[in-house]
Structure formats: C-alpha cells, structure tokens
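Worksheet: the structure to be examined is printed underneath.
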Amino acid sequence: MMDRAIHLLYVPTLCCNLSCSYCYLGKQTTEAALKTDAGRAVQTLRHTLDALQAAGVLAFNVSLHGGEVTTLPPPVLDELFSMIRAHYLQHFDALNALGHRKSAPHIKTNLFKFAPLVELFDRHKVSISASIDLPLSLHARHRTTRGGTDWLPRTLDNIRLLARYPHAKKISATLSAEHLADIPALVKDIWYLHRELGFDMNQFNLMFAFGSELNRAAKGEAVLTPCTPAQQQALYDALSQEFMGTELEEGLRRNWFDEFKPSYCTNAANCGERFYLLQSDGAVYSCVRGQGMEAFRYGNVFDDPILDILDNGARKIRQIHQAQGFDSDCQACDHLSTCNTGCAVVKVQNQSGKSYTCGLQKTIYRGNPLSYPADTPAEQREYALHYQQTTHPSLAFAQPPAAPTEPQFLLPNDIAEPKNTLGALIAADPVLQMLYSESAFVLELRGELLALDSQLFKQRRTQHTLVNGDPLVLHLRRDVLQANCPEAIRNTLYLQLLRDTPVVYGDERRTKQEHIFTYQLYANCLEPSTRLGEDYLQCDLTDLLALHRVHFRRGVLNNLFVTTLFLREYHYQKQKANAFYHVQTANLPFQNFEFHYLT
C-alpha cells in the first residue's frame, strides 16, 4: 500500500531544437548536453520510481517534458515509454482506486520531429500535447529553429498528421501581449486549425506568458511582454462571443482555460506537497516554471532521501507564499478556497502576492456558478483563517484580534417573530394562498404530470431534460384566473423564461438569471384541459419553447416561471405594503420548472 500519491513530471533532457523568444528556461536549453542526458535518462527514471515505491509514494502521473523530449534518440524514447507503461500496469489497482486511469505515456512536444517518430508514439499509444503559437504568423516569428529559420509550413503538415493520430492529443499555446494584439487573427487561426487542418480544437489549452529572470538573462530586453489583466479579459470575452453555440463551445467551457481552474497545480494550496519535476541529472524542482531557479530546487534523488525531498518542496513553497504576503484582496475573496492565491513561481517572477490571472479566474467562476460556487461569508471567513494559519502563520498569530465591526447587513429585530414568517403571511392571506398553491399549475411532460410549486419552498431541486419537440402542456385551475381579478376575461396566463447566464442590473446591482422571454395568453384563449377535467384549463408550450430554441445553450439551465397577470401584480403590491414579505421574496416566488433543452 502506498501512503502518498504525487504527480511526477520528468525532463529527460533540457536540450531543445528551437529558440523560442519567450522561453522561460533561458540558456538551459542550449547548454544541455544531449549525449549525456540520453545516456542517463532511462536509469534516472528507473532509480526514481524504485525509490518512490520504497518510500511508499505512488507516482499517479508520469509525464515527459523538456527542453524537447523528441531530441532524444528513438531507442531511449522507446525505453522510457515502455517503463512508464509498465509502471501504470504494475500499479493499476492502486491508480484505479485513486480515480486515475492512466495507462499510456504523455509528452509535451514542439512537433518539430513528430513525423519520423509517429510510428513509435502510435505503438506506445503516447498521449501528446503539442505547443504552437497563435496567431500562426507569430509562430513563424517567435518559434524559430536554432538558426533563426521559420518552419511554419512543417508545423502545419505535422498538425495535419497529428489530427489523424489515433490516440489522445491536444494543442497548447502560450500568449503574450503581442499575441493578443490581433485577437481576430487568433480566432481565425483556431477555426483554420479546426476546419481546414482537421484538428479537433476542443482539445486546446491556453496559457499566458509571464516575466522570467532566466529568459531576460538569455534574451536581454528583446523578450515578449506579458499580457495585462484587461487583455486576458478581452480575449476571454472575444472567444466566448465567437465560439459559444458552436461545435467548439465544449472546448471553450471545459478545456481552453483549464490551467486557471482548481484541477491544475496553479490552484493548489501548496503545490510542493504533490507536484514535482525530475531532471535526468536527478535534480528535483517544483515544475517547468521553476526549473533552474534555486528557490524551487528541492533536492536530488541520488543524494537525498525521497521523503526529505518531498518535505523540502512543501516547506519551500510555503516560504515563497509567505515572502509575498497575504494580499488583502485575497483575504476577502469568496473564491479563496478555489484559487489559493495562485502560482508560487509566478508570484516570485512578478513580485506579487496574488494570482496573475485573478480577474480572468473570477470571470470564469461567475460564468460557472455551480462548478465553482462562491463561499458564503461564513465559509469565506473560516477558510481565510485556515489559509492564514497554515500558509501565513506569522500573520495569524502576530496580529491582534480584529476590532469588532458594525454588521454589514441589518434586519429588523421582529422579523423572526412567528407572525412575520413567510408561511404565516401566506396563511393569513387568501390571495397569497392561491399564488403559492401547489395544485394551481400542473405540467404534463411526455405524459407525466408534474405539480409545480414555488422555488422558495422546494426541499429538493429537480432538473429535467427536454429534447426539441418533446410535448409539454401546462394545466391550470380555472379559479386561479379569478384570484385578485374582478373579471377573469381580463386576466392572462403569465410566463417568464430565464436562463442561467448571470447578468447584473437594477439599483441593487444583483447578479440574476438572464431573461429570455415574457409571454401572456388571455384567459379566453386557454383550452379545456384534456387530462385533468373541467376544473382545469390548458396551454400547449411545445411550440413556444421550440420557437426560442436558438436561445437555449448546452449545459446551461433554463428556468420557467408560471403565474397569472393579476397574481403577479398582487405579489408586487404585497411587497410594497409589507416589508417582512418583501425581504423573504426578493427572488421570484412563482411556481417554476427548471430544464435543459437539447436541440
């Protein structure tokens, strides 16, 4: 049994056949001795895997990175691939128990030597992450050979070949301010790779360049400028506008910005507890970002015990975070538990205590509130204190207790009195009883009857899936049309359809669901219910929803609210007349039906 699981990134050589202008490895890629690396690459990985196992540590992911891995001779690559596959098979049960389904090696490559090695990759079912520049015009300018030659045509040929490669693959691109100077060109090239070269660009990752001391030492001042938070946001907005509702929407929402989500090491509370980079000389660093930086060197597998190296990593990362401080914005952020203040290496490079993609991350979180829910104020305070005590203990124990502050949210003292609860207010008002009735509205979906009730009283949230053309009929009691209405002929069935794409508006600047339509049908136009008898009327909603199908989005929940015109008016009159009712019905109280719609 293994006591601990880690992610192991192996760099069998720092040698690279390209000279990218923004490479954060600096001179390491030109000074590496390829022959020396090739001679020890296999033995170093074998020694490390054996040492990890002896220490009770399981490498749940062994990925190959560089430099450029494919500069190694094919026989060396063959041995490395075989060793990694054997490792996954040896620990199949343990990996499966942890939820990891790795069975094949993975490499990061610039594709320069992809064509002559594709048969070797295919034989080992190697998973491939290919690095390119977008727009492609900048690939020609910044990803040159050692001699400064543009090799873009060869890149495009290899992407065509990669598109036909039968195993897992993706493309990644690192973006600077220069890359984002022409976002339309970047968008155009994404479509070009997808539609013309045949590569499924749902499998695409975006990264942002950051300042690097090693890069500046190697390239001087001719380095690329990192993009600003405003440029990051402009890119996200442009990609959302272009690709939402297309065949690449899934990639945009799931993969493209994955590096800035909790699944990545960049969001770990302490990445030194789980993520490590091994070089062929046995040196262990934090990751590709920290290679060659003494602050992120944890030890050497030939000189130091494995557990000492791992413990040293956690200690060093904690010290890095402490040195940059606990930013006041992070202390108060309701997504601190999701982000954990960002990458330690970039903090050092930028001399900042917060994530360099903070604004972009918040936009992603707001757009996916179920995947990345904001902490409540109580949860936020609890986690901020926990983070301070574990990562910044000197701050937690050196500071005096915070002075009491005035409550930020005030409620009248008598709001909790039994007569002022929402249930009591409804029980005392016949019109409200009709407004909140659980039998007033019944939906018939594919023959199944669903009684609708107010979202304010639901004990469980139920979501349905509709396919375009599914029959959906709404039945309503006849007496509902008479509630608060002197002449039923003047009343209407009142429908509001909202979509869970948050927008901010109104004097209170609340984040709310976005409205799609409001629909009214007069009482005399309702038909007798064919299912529930003479006490009910009905309205067929099938075609109404189909008419608006262009507004339904994959993975986005829709929310249909049902009432009558005069009951709706009574609700707002009651809010004006009774503060206790108003406070408890700030959200729409009408009977509702939540659904996904597949077109």
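The values are calculated or read from the model by the stated rules, or taken from the named source; none is laboratory data. What you see is a predicted model; the values in this text were computed from it and never measured. Positions of Cβ are generated from backbone atoms using ideal geometry, with glycine treated the same way; all protein chains shown enter the neighbour counts. Surface accessibility is based on the protein's heavy atoms, side chains included, excluding ligands, DNA and RNA. Shrake-Rupley method; radii C 1.70, N 1.55, O 1.52, S 1.80 Å.
Tabulated results
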| read-out | value |
| --- | --- |
| Extension reserve of the Asp308-Asp540 stretch, reckoned as 0.36 nm per residue once the Cα distance is removed | 76.6 nm |
| Carbon/sulfur fraction of accessible area - region 271-316, other protein chains in place, 1.4 Å, % | 47 |
| Cα pair distances in region 33-112, grouped into 10 Å bins until the bin that holds the longest one, percent each | 17, 48, 28, 7 |
| FRET efficiency for Thr599 and Glu487, using Cβ-Cβ distance with R0 set to 51 Å, rounded to 0.05 | 0.80 |
| Pairwise label distance in nanometres, Lys35 with Glu379, each label 7 Å out on the Cα-Cβ vector | 6.0 |
| Distance between modelled label sites at Val504 and Thr462, nm, 7 Å Cα→Cβ extension | 3.6 |
| Whole-percent carbon and sulfur share, accessible surface of region 493-599, 1.4 Å | 47 |
| Cut-off under 5 Å, modelled amide H: who pairs with Lys169 long-range | Ile128 |
| When each of Lys102/Lys169; Lys169/Lys354; Lys458/Lys574; Lys419/Lys458 is checked by Cα-Cα distance, pairs over 24 Å | Lys169/Lys354 |
| Heavy-atom accessible area order for Ser371, Ser240, largest first, 1.4 Å probe | Ser371, Ser240 |
| Rounded accessible area of Lys188 (nearest 10 Å², 1.4 Å probe) | 140 |
| For the chain, fraction of C-alpha pairs farther apart than 40 Å, in % | 42 |
| Set of lysines with alpha-carbon distance to Lys512 below 17 Å, sequence-local pairs under 8 removed | Lys362 |
| Computed accessible area, Asp535, all protein chains, 1.4 angstrom probe, square angstrom | 100 |
| Spacing of the two label points (7 Å from each Cα toward its C-beta) at Asn300 and Arg549, in nm | 6.6 |
| Inter-centroid distance (Cα atoms) of region 9-84 relative to region 243-318, Å | 15 |
| ³J(HN,Hα) computed for each position of region 355-365 - Karplus, 6.51 cos²θ - 1.76 cosθ + 1.60, integer Hz, glycine/proline x | 4, 6, 10, 4, x, 5, 4, 5, 5, 5, 4 |
| Carbon/sulfur fraction of accessible area - region 25-71, other protein chains in place, 1.4 Å, % | 51 |
| Region 334-372-region 433-471 distance, computed between alpha-carbon centres (Å) | 38 |
| Accessible surface, per residue, of region 452-599 when the full set of protein chains is kept, probe 1.4 Å, Å² | 52 |
| Packing-based order for 469-478, 126-135, using average beta carbon neighbours within 10 Å, highest first | 126-135, 469-478 |
| Full-extension gain in nm, Lys125 to Ala55, via 0.36 nm per residue minus C-alpha separation | 22.3 nm |
| Dipole of the chain, positive direction: furthest Cα of Cys15, Thr530, Gln455, with charges on the beta-carbon | Cys15 |
| Reachable aspartates and glutamates, given that their alpha-carbon falls under 17 Å from the alpha-carbon of Lys347 and they are not under 8 places away in the same chain | Glu213, Glu259, Glu294, Asp327, Asp329 |
| Residue range of the chain that is longest and free of chymotrypsin sites (Phe, Trp or Tyr not before Pro) which are both DSSP loop and sparsely packed (at most 15 other C-beta within 10 Å) | 1-263 |
| Accessible area of Arg446 in the full protein assembly, 1.4 Å probe (Å², nearest 10) | 130 |
| Net length gained if the chain between Ile415 and Ala181 were fully extended (0.36 nm per residue, minus Cα distance) | 78.7 nm |
| Per-pair calculated FRET efficiency, R0 = 25 Å: Asp281 and Thr228 via Cβ, rounded to 0.05 | 0.10 |
| Cα radius of gyration and Dmax for region 219-349 (Å) | 17.7, 55 |
